[in-house]
Amino acid sequence: MMMGLGNFLFGRMLDRRISEYQNDLITKHYDEVQNIYKQMRGWRHDYHNHIQTMKAHLALGQTDELDEYLSNLDTDLSAVDTVIQTGNVMIDAILNSKLSLIATKNISVNTKATVPSKLRISEIDLCIIIGNLLDNAMEACLKQTTRSDRFIRVYIGILKEQLYISVSNSVGGEVIKSGKTFLSTKDSATHGFGLMRVDRITDKYNGYVNRQNEEGVFATEVMLPL
């Protein structure tokens, strides 16, 4: 009886810690998204000024200055164009916030994602899955001392009437398997909570999680029924 009560209390404590971690994660995602959208709004706000400046260069016959100005604008616009557009606004937010952060860490990223605008799956749950997978991938890449070896590949799409999420990344350090879970020898406590949260949400929707570690590449696949 006492053992049953102990297990119950431990389960409640674990659920509370996971919930706290989830709330912190959502807050962090929100802050990251706000920064990205603030930058995009700033570019749109300056659009009128850009047009006036280019007209002034043209009127004065300053073609070299105009060419240089256009080149600088093209660079800014390219940064805006790299924003991932999946078809689902909330998924766009979490993906772009994470990819923006990863880009600052000298990690090569390749992403292809298409998501229905309306889902049976909770968008918050989906954001938690994607956020955790990308956090874990980034954490693994940063353990590699050679920056040129770091990479993350993301694919999200529809496969056999299910939402298919695949995140693969280079790994640094030893990866061991514990039960159904792969863990780095340097994994943090939050990393463990993140993996547990992905598994619980996937189970909630009767989905499927597959993790593989082969030849310096760690891959996670998640399939969620639509």
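The values are calculated or read from the model by the stated rules, or taken from the named source; none is laboratory data. If you're wondering where the values come from, they're calculated on a predicted model, not measured in any experiment. Heads up, the Cβs are rebuilt from the backbone with ideal geometry, glycines too, and the neighbour counts pull from every protein chain shown. Calculation scope for accessible area: heavy atoms of the full protein, side chains included, ligands and nucleic acids excluded. Shrake-Rupley method; radii C 1.70, N 1.55, O 1.52, S 1.80 Å.
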Sorting check: for 150-163, 84-97, which peptide has the highest mean count of neighbouring beta carbons within 10 Å, and how do the rest follow? 84-97, 150-163
If ligands, DNA and RNA are left out, what is the accessible area of MET223 with a 1.4 Å probe, given in Å² to the nearest 10? 40 Å²
At R0 = 35 Å, how high is the FRET efficiency between LYS105 and LYS55 if r is their beta carbon distance? Nearest 0.05 is fine. 0.30
Suppose R0 equals 22 Å; then what is the FRET efficiency for HIS45 and ASP74 from their Cβ-Cβ distance, rounded to the nearest 0.05? 0.75
For GLN144, residues with placed amide H under 5 Å, excluding near neighbours: GLY172
For LYS105, what residues show an amide H to amide H distance below 5 Å, using hydrogens built from the backbone and excluding near sequence neighbours? none
Would you mind getting me the FRET efficiency between ARG120 and LEU142? Use the beta-carbon distance for r and R0 = 30 Å, nearest 0.05. 0.30
